[in-house]
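I have placed the structure first, in the form of structure tokens, so that the comments after it can refer back to it.
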Amino acid sequence: YGPGGCIDPIACNYDLTASCDDGSCSYASYTDVAIVDVPQGPATGTASIMVPGNMGSATLDLRAGGDLNSASETFDVYFNGSLWQSGLNTGQQDCQLWDVLLNEDVTNLLQPGVMNTIEVTTTSSVDNFACSKPARGMTSEFTITFNNSCYGCMDTLACNYNADAVVDSGCVYGTTYG
């Protein structure tokens, strides 16, 4: 047997010299899901999601279901306390989740390296969604794909050291004057 390392060629830290997979592979993106249930309106539901410290960008697919079949039955979405979208609606009233927004860039809404809060508020007309137990106004599903930056300088003595890097892409060193 040869040296251990990541033997998956699509991983950020692929090791051409490794002949034994040691379980260390790191990938440039992954997906996480947050579910926000909201009681009968007007009401608010929240969820939290951990954002990786090496996030390069993030995209969101939002699906929702519930009592959202008229123009007055809407919901608003907040990230970390700031309004992102308002007046969203599916035009449907059933238990199925419907696409609301797809492939939305939410990079600037998220704070890397910490838990982030997603909040959904509804209008008063989003009332008893009878097919859910217990009855509620709506359910929303936030699928976030994090595209992580796995490249960077890995030398702690360099000016551009990146603690989250798993593939060294070059370092910059300060100049000594004197």
- Query: By DSSP, what percent of the beta bridges with both residues in the range 4-93 are antiparallel, rounded to the nearest 5?
  - Reply: 65
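Quick check on the chain: of the DSSP beta bridges with both residues there, what percent are antiparallel, nearest 5%? Mind showing how you got there, number by number?
On the way: 46 of 52 bridges.
So the antiparallel bridges amount to about 90 percent of the total.
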- Message: Using amide H atoms built in the peptide plane, which far-off residues or other-chain residues are under 5 Å from ASP8 H to H?
- Response: ASP15
- Candidates ASN13, ASN160, ASN116; GNM for the chain (alpha-carbon contacts under 10 Å) flags as most fluctuating ASN160
- Item | Amide H contacts of THR123 (H built 1.01 Å from N, under 5 Å, at least 5 apart or other chain) | THR74
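On the accessible surface of the chain, probed at 1.4 Å, how many percent belong to carbon and sulfur atoms? If you can, show how the numbers build up before the last one.
On the way: 4700 of 9470 Å².
Its accessible area is 50 percent carbon and sulfur atoms.
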- Return one whole number: the accessible area per residue of the chain in Å², for a 1.4 Å probe. 53
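The values are calculated or read from the model by the stated rules, or taken from the named source; none is laboratory data. None of these values were measured; they are calculated from a predicted model. We work out accessible area using only protein heavy atoms, side chains counted, and drop any ligands, DNA or RNA first. Shrake-Rupley method; radii C 1.70, N 1.55, O 1.52, S 1.80 Å.
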